[in-house]
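Undergrad: Quick one: this structure, given as C-alpha cells, is what I'll be asking you about.
Each value in this text was obtained by applying a stated rule to the coordinates, not by laboratory testing. Owing to the predicted nature of the structure, the values given are computational and were not obtained by experimental measurement. Reconstructed Cβ throughout: ideal geometry from the backbone, glycine too, with neighbour counts over all protein chains shown.
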Amino acid sequence: MLSAQSKLPIQHPDYLYPPSRNPYASKSKIFAGTLFTDNETEAQSGKWREAFPLAQSTSRLKQRPLHVELGCNGAHVVLEWATRNPQALHVGVDWKFKQIYFGAEKSEKRGLKNLLFFRSNLERLPYMFGEGEVDHLYLYFPDPWAKKSQWKNRTITEKTLRTWATILKPGMGIFHIKTDHAGYFDWMLEALKPNLDVWEVLEQTRDLHAGNPDAVKLKIPDVTLFEGLFIKDGLPIHSLKLRRK
C-alpha cells in the first residue's frame, strides 16, 4: 500500500517515491555511496560536494566545479567528462534504473571518485540540489514528444526554466541544452521569454556544427551517442546556452 506522502503531487516538498519492483532497484544497492535512488537523491541537498568519494582524500571542495548531466542514460558522456577532468565533480541523473546501474558499474571499473549517479525524476530537481550548488547543468536531446497531444510531457517548460535556475550559481551557473527537434527548440525559446529576468542567453544556434567540416568525426564526449547519429544523417543540432543572472 502506498503511503499518504507518496500520493502527493510529485512537485510537493514532502513527496515520497513509491517502492519499485524493478530488479535493478535492489541491485543498485551494491553501489551505495556513489549511486543514489529516489528520495536518497534529496538527502544531501546543498552538501553534495562532501558526498563524493574524492572528498575523503582532498580539501577545498567548494572550489571544485559541480557538473550535472540530466538524462545521462548509460553515462556515455558524463563518464568521459569525469575521466578526463578528475579535478571537477560530476553527477549523472536518469530515470531508468538499468541505465543508471550500468553507469555506476562502468564508473567503479574505472575507479572514478569524482562521479555520482542519481536515479530520480527531473521534476524533483529543485529538491536534489541546494540554492546555487551547481556550476554547470546539461540537458542533451530530451524526448521531443513531437505530437501536440504529448507536448504537456516536455521537460523544458516556462516553469522548469524558472525553478531549475535556482540550483545554479547566481551570475555564473551555465545551463546547456541541445536538441535535434526544431519544433521543440521553438518551444524552448517561447518558454524562455518570460524567464529572461533570471537567464542570460550566451549562445543560441540552430546548427551547432555548421562551421565544422569534420563534424562527422566527432566522438563522445564532444558529442553524445545520438548526436553523432544525427550529424551523420544530416540533421542540424539546435543549441541553447544560458547563464543564471
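Undergrad: Tell me the relative contact order for the stretch 19-168 as a rounded percent, counting alpha carbon contacts under 8 Å between residues six or more apart.
TA: Result for the stretch 19-168 is 28 percent.
Undergrad: Determine the calculated [θ] at 222 nm for the chain from helices alone, applying -39500 (n - 2.57) to every DSSP H run no shorter than 4 residues and normalising by the residue count; nearest 500 deg cm²/dmol.
TA: It lands at -6500 deg cm²/dmol.
Undergrad: Could you give the spread of the C-alpha atoms of the chain along their three principal axes, from largest to smallest, in whole angstroms?
TA: Result, largest extent first: 45, 40, 37 Å.
Undergrad: What does the charge count near Phe185 come to, summing +1 for each Lys or Arg and -1 for each Asp or Glu among other residues with Cβ under 12 Å from its Cβ?
TA: Spelling it out: positives minus negatives among the neighbours equals -1.
Undergrad: Quick one: Cα centre-to-centre distance for the stretch 216-242 and the stretch 107-173, in angstrom?
TA: 19
Undergrad: Which value, to two decimals, describes the C-alpha radius of gyration of the stretch 84-213 once divided by 2.2 N^0.38 Å?
TA: That ratio works out to 1.15.
Undergrad: Starting with the fewest neighbours, write out Tyr15, Tyr24 ranked by other beta-carbon atoms found within 10 Å of each beta-carbon.
TA: Ascending number of Cβ neighbours within 10 Å: Tyr24, Tyr15.
Undergrad: Here is a further query. Between rounded, prolate and oblate, where does the stretch 15-143 land on the alpha carbon gyration tensor, with a ≥ b ≥ c its root eigenvalues, rounded for a/c under 1.5, else prolate if a/b exceeds b/c?
TA: rounded
Undergrad: Now for a different question. With a cap of 11 neighbouring Cβ atoms within 10 Å, and only residues DSSP puts in a loop, list the trypsin sites (Lys or Arg not before Pro) found in the stretch 140-225.
TA: Lys147, Lys219
Undergrad: As an exercise, identify the trypsin sites (Lys or Arg not before Pro) in the stretch 18-72 lying in DSSP coil whose Cβ has no more than 14 other Cβ atoms within 10 Å.
TA: Arg21, Lys47, Arg60
Undergrad: A follow-up question, please. Can you give the Rg to Rh ratio for the stretch 163-245, taking only C-alpha atoms and Rh from Kirkwood?
TA: A ratio of 1.02.
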